[in-house]
Amino acid sequence: MAFIVIGVLMLLLHFIGIGPTAAWDPLTLSGFAKFSVPFLLALAWWAWADGSGMTKRREMEREVEKRGERRKRHIEAMGLGPDQRSSTFRRR
């Protein structure tokens, strides 16, 4: 995502006319190459992340975390949470 942000910032700076990107001509091959580098790096990063399984692993971790939170919420709603359980079974 950072590469995309950098690429968009480079394009915005070019069109506003600020910094070294203002002098680059995107219609020439060298200018096009300079502007396309961040987007190509983002493409390479996404290909690597998907190929290595990193994206799927993060998705599975988020799913497990959501499942745990949902389970905790349901247990507390049934009155079986740690606070409710200790007050229900007090011995006198």
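Here, each number is a calculation from the coordinates, and none is a lab measurement. What you see is a predicted model; the values in this text were computed from it and never measured. When we count neighbours, we look across all protein chains shown, and the Cβ atoms used for this are built from the backbone with ideal geometry, even at glycine.
Residue pairs whose Cβ atoms lie under 6 Å apart, sitting 6 or more positions apart in sequence or on different chains, and linking a residue in the range 42-70 that is under 19 Å from Ala2 (Cα atoms) to a partner that is exposed (fewer than 10 other Cβ atoms within 10 Å of the Cβ), do not occur here.
Beta carbons closer than 6 Å, at least 6 apart along the sequence or on distinct chains, pair a first residue in the range 1-28 that is farther than 27 Å from Ala47 by Cβ with a second that is in a helix (DSSP H, G or I) and of a type in the set (A, V, I, L, M) for Gly19/Leu13.
Quick one: count up the residues across the range 1-46 that are within 28 Å of Arg57 (Cα to Cα) and in a helix (DSSP H, G or I). Total meeting the criteria: 16.
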